[in-house]
Amino acid sequence: MFSVPCGAPFLFGLIRPGCWLGSSLQDSDSIWEVIIAMIEKLKALLIEGEEQIAAANNEQELQMVRTALLGKQGSITEALKELPKLEASLRSEVGKEANRLKNLFTSQIESRREEIVLKASEISPEFDCTVPGIPPLAGSLHPITQMSYDLNDTFRSLGFEIFQESDITSELYGFDNLNFPPGHPARESMDTYWLAGHESGSGGERLCLRPHLTGASVRYMQSRKPPFRFVYPGRVYRNEATDARHERAFFQYEALVVDEDFKFSAGIVMIKSILSKVFGQDVAVRMRTGFFPFVEPGFEIDMKCLVCGGKGCSVCKHVGWIEIMPGGTPHPNVIKTAGLDPDKYTGFYVNIGLDRLVMMRYGVDDVRLFHSSDIRFLSQFC
Ligand SMILES: [Zn+2]
């Protein structure tokens, strides 16, 4: 049985290079040889571990070194595999050395980690702070929304109020109040999206997605006192096939003036000034008679196609002009429904097709692009 002399210096310094136990112990029997072999291993491990810690250049490498040295299957555990062969008191002493080595490595790894973090936060001398950075991605208004806002600004400057209401309306406000006869084809499901359960019935109880904005005008007039001067932008819905000029959902922008003495010619001047404001230039327009149940007289306003300059293209159906807005004087029946005397009040409607106006503004020949949510297309208008 071997015992360690009292006060035997099994201290950490023993396994440091140059502070070895001493050659006298190497002459002892196999137990001492086991001890010596283990301490040799720890000594070599000290040198190797310190080198590995110092060589780690980032936190990932450092973590790998930590696992290799201190993990359950790490080098220190490996070096102590012979420990169970020793007497309890010797196991304790060698175990203390191993723990000191573990603590030393833990401390060195933490110091190295702080160095790495500090170094990572330093600005490289090669960094050129005058080079422009990468700008962050930012959203922008959809070109149709932008057009709506531009029109709002224009109409506000002319003293108009901006009015908006729900996308869901009723047959009463969508058709009855606007002088649509009972059998008008626009009421049919092939043109109008009736809400589920509202395919039959009539009047205020029968709900649909608004097929146009004009119904809002009666609601506005019924709740306010004349004279009226207001606009109402919004999305409308038609159950129809899509092509380069048509979408199932699109945007309108309607304006209405109602007063005791409103000249039709004033409305025309208003239209020309709006188009000039939108396009930043005088725009050639022409008027044709047109029929709409809620106006009398009614007309169609065409503007010269800005995509082709009037030569003809797919947007203008190769005629050089594009229908941009219908309009007219509110029909006496509509004025009556609004609660006014049609002999006393008259006015002027225009209904601007926002999508087509935006197509003209930017020279785009397919309305479906604006509803495609394609960022590559939309980012051109930022
Ligand atoms: Zn054209």
Residue check for Ser166: over 27 Å from Met221 (Cα atoms) and in a loop (DSSP other than H, G, I, E, B): no
Segment 348-369, subset over 19 Å from Arg235 (Cα atoms) and free of Cβ contacts under 8 Å to residues at least 60 places away in the same chain, residue farthest from the ligand (Cβ to nearest atom): Val364
Pair list, Cβ < 8 Å and 6+ apart or interchain, from segment 81-97 residues that are assigned by TED's automatic domain parsing to the domain that holds Trp32 to residues that are of a type in the set (Gly, Ala, Ser) and surrounded by fewer than 19 Cβ atoms within 10 Å (Cβ to Cβ): Glu82/Ala37; Leu83/Gly95; Glu87/Ser3; Ser89/Ser3; Glu93/Ala8
Subset tally (residues that are in contact with a strand residue (DSSP E or B) (Cβ under 7 Å, 6 or more places away or on another chain), crowded, with 20+ Cβ neighbours inside 10 Å and of a type in the set (A, V, I, L, M)) for segment 144-202: 2
Candidate set from segment 154-172 (those that are among the aliphatic types (A, V, I, L, M) and more than 17 Å from Pro211 (Cβ to Cβ)); member that is modelled with the highest pLDDT: Ile162
Which listed residue is surrounded by 14 or more Cβ atoms within 10 Å (Cβ to Cβ) and on the phi > 0 side of the Ramachandran plot, from Gly363, Gly310: Gly310
Residues of segment 279-298 satisfying the condition of being of a type in the set (A, V, I, L, M, F, W, C) and over 41 Å from the mean Cα position of the chain (by Cα): Met287, Phe291, Val295
Subset of segment 306-330 [assigned to a strand (DSSP E or B), out of contact with any helix residue (DSSP H, G or I) (no Cβ under 9 Å at 6 or more places or on another chain) and within 14 Å of the ligand (Cβ to nearest atom)]: Trp321
Residue list for segment 280-305, restricted to those being in a loop (DSSP other than H, G, I, E, B) and either under 30 Å from Val218 (Cβ atoms) or more than 8 Å from the ligand (Cβ to nearest atom) (or both): Gly280, Gln281, Asp282, Val283, Ala284, Gly290, Phe291, Phe292, Pro293, Phe294
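The values are calculated or read from the model by the stated rules, or taken from the named source; none is laboratory data. Keep in mind the model is a prediction, meaning the values are calculated, not measured. Cβ coordinates were reconstructed from backbone atoms using ideal geometry, including for glycine residues, and neighbour counts include every protein chain displayed.
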